[in-house]
Amino acid sequence: MRADIKNLLTVLKNNGAYVIAINTLKLKDDELDNHIDCYIERPNYGRDFGSYKAGFKHFYRNGWHKDCKRLLMLNDSLFYSNKNLDSLINVSLNSSRDLARANLYDATLRPNKIMDRQ
């Protein structure tokens, strides 16, 4: 696991997040410890959205959607800098907005453009 992803997971856990990880590669047990609450491993079919689908199916099948107040979708195809990461995660988890996007350069959440068209 890349160092920035391990740091991201640590920041998420430190901010009280329950972390569901869907992965197409085998992780070592020590990479899971204290970083991931629920781990789903699936075959890699290339550039597909199967991991998102597997995660959402698991999320709904377990009824977690009934009590979940905030859902963050993060992808390891991005690099997560240490700069402002804690602030970004804190703001993301505590935002009053129903749907938001994060700016790449700061920890400000803005309404999604779809929401702006109302």
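Each value in this text was obtained by applying a stated rule to the coordinates, not by laboratory testing. None of the values given here were measured: they were computed from a predicted structure. Using ideal geometry, Cβ is built from the backbone for each residue, glycine included, and neighbour counts are taken over all protein chains shown.
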Treat each spin label as a single point 7 Å out from the Cα along the C-beta direction, and report the residue 45 to residue 94 distance in nm. 4.0 nm
Largest-first principal axis extents, alpha carbons of the stretch 1-58, Å: 31, 21, 18
Sequence ranges 7-13, 90-96, 63-69, ranked by mean other-Cβ count within 10 angstrom, highest first: 7-13, 90-96, 63-69
Lysines with Cα under 22 Å of residue 53, excluding same-chain neighbours fewer than 8 positions away: 26, 66, 69
